[in-house]
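Worksheet: the structure to be examined is printed underneath.
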Amino acid sequence: MTHQVASLSLSDARMLIAAGEKKAEELGIPYNIAVVDAGGDLISHVRMDGAWLGSVDIAINKAWTARGSSAAGSRSNSTMRSWVRSAPAAALSIRI
């Protein structure tokens, strides 16, 4: 029996990236921003102009690690999607 898990969509990932870019611009620091799905697989990544090239892998690995943590695993994927859609900037402060 196959078990399907709801995950973030590309649209959700784009909202998170847009919120991350906005926050990075407020801080004046260019970032690499990565979003992974429920299985820890990369949905999307962006490297802002001026962001350190060496941190591409770091951003992707941090996203994967955060998704695999027990804190992230304790939240349902539907709850995560709701948070992303209602307040993407707030969702950046939680582990997805």
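Before moving on, here are some points about what is shown:
- When residue 25 is tested against (1) at pLDDT 90 or above; (2) under 20 Å from residue 67 (Cβ atoms), only condition (2) is not met.
- Hey, residue 80 at pLDDT 75 or above and part of a helix (DSSP H, G or I) or not: no
- Within the stretch 10-35, tally of residues that are free of Cβ contacts under 8 Å to residues at least 40 places away in the same chain and either under 22 Å from residue 55 (Cβ atoms) or not in a helix (DSSP H, G or I) (or both): 15
Matching residues to (1) of a type outside the set (A, V, I, L, M); (2) over 15 Å from residue 13 (Cβ atoms); (3) at pLDDT below 90:
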position: 38; (1), (2), (3): no, no, yes
position: 43; (1), (2), (3): no, no, no
position: 47; (1), (2), (3): yes, no, no
position: 53; (1), (2), (3): no, yes, no
position: 56; (1), (2), (3): no, yes, no
position: 63; (1), (2), (3): no, no, yes
position: 67; (1), (2), (3): yes, no, yes
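The values are calculated or read from the model by the stated rules, or taken from the named source; none is laboratory data. Keep in mind the model is a prediction, meaning the values are calculated, not measured. Glycine also receives a Cβ, built like all others from the backbone with ideal geometry; neighbour counts cover every protein chain displayed.
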